[in-house]
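Q: The structure that follows is given in the form of structure tokens.
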Amino acid sequence: MINTDNKSTRYCIDTDSWINLPRNYPIKVFDGLWNNIELLINEGRIYSPREVFRELEKKDDEIHKWIKVRKSILIKNPDNDCLQIAYEIINKFNLVDPLSNKSYADPYVISLAVQQKRILNEVNVCVVSQETRAGGGAKQVKIPNVCDHYKIECLKLVDLFQRENWKF
């Protein structure tokens, strides 16, 4: 059974959600939203793996700078357990292109959520990604498909806002 007590829910945020956050909800317009996100970061309820930060570094834009200030409490370095889960995901699912030079945070986002769910046991851990599930005929699976396999809830940003009962 999924624990829907929003005070215990943890959110592992994917790169695309961080990128879309200032695009769709600019700080100058939605300062209350950003204050709420900051609060969840300080409570340790929002985090991302190091690979997400590496993807964001490539652009060095507003969100990268915002996250860089909060890096010490927001970004988690993978330990051996998390790396093992990521390798399992990479080997089991067609989530990354092994011939590409692009960095891919997707398996690490999911592996961090899986690891945190195992460690925290009774706490609901969700992945936040703007991706949608790949259809039955698709060659490449998406984050929500892999989350389904690991019984990890996958939310969009707006779902996180609703889960936290935020109103603006």
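Please treat every number below as a calculation from the coordinates, not as lab data. Everything numeric here is computed off the predicted structure, so don't read it as measured data. Counting neighbours? That spans all protein chains shown, and the Cβs are built from the backbone with ideal geometry, glycine included.
Q: Any aspartates and glutamates with Cα under 14 Å of the Lys92 Cα? List them, leaving off those in the same chain fewer than 8 positions away.
A: Asp106, Asp148
Q: Which whole-Hz ³J(HN,Hα) couplings does region 154-161 yield from phi under the Karplus relation 6.51 cos²θ - 1.76 cosθ + 1.60, θ = phi - 60°, glycine and proline marked x?
A: Using θ = phi - 60°, the values come out as 10, 10, 8, 3, 4, 5, 4, 4 Hz.
Q: Would you please report the Å³ per residue occupied by the convex hull of the alpha carbon atoms in region 29-100?
A: Hull volume over Cα atoms, normalised by residue count, gives 127 Å³.
Q: At a Förster distance of 35 Å, what's the computed FRET efficiency of Asp159 paired with Asn80, Cβ-Cβ distance as r, to 0.05?
A: Working from the Cβ atoms, E equals 0.65.
Q: Same structure, new question: Which length gain, in nm to one decimal place, applies between Val123 and Ile73 when the Cα-Cα distance is subtracted from 0.36 nm times their residue separation?
A: 16.1 nm
Q: Now for a different question. Each label point is 7 Å from the Cα along the Cα-to-Cβ direction; what then is the distance between the points at Arg50 and Val29, in nm?
A: Taking the two extended label points, one gets 3.6 nm.
Q: Rank the residues Ser48, Ser8, Ser129 as a footprinting-exposure proxy: fewest other Cβ atoms within 10 Å of their Cβ go first.
A: Fewest-to-most ranking of Ser48, Ser8, Ser129: Ser8, Ser129, Ser48.
Q: If each DSSP helix of 4+ residues adds -39,500 (n - 2.57) and the sum is divided by the residues in the chain, what number results at 222 nm, nearest 500 deg cm²/dmol?
A: Computed ellipticity for the chain at 222 nm equals -15000 deg cm²/dmol.
Q: Calculate the FRET efficiency for Glu88 and Lys58 from the Cβ-Cβ distance with a Förster distance of 35 Å, rounded to the nearest 0.05.
A: 0.85
Q: Order by neighbour count: Thr9, Thr132, fewest other Cβ atoms within 10 Å first, most last.
A: If I rank by nearby Cβ atoms, fewest first, I get Thr132, Thr9.
Q: Give me His149, His64 sorted ascending by neighbouring Cβ count inside 10 Å, so fewest comes first.
A: If I rank by nearby Cβ atoms, fewest first, I get His149, His64.
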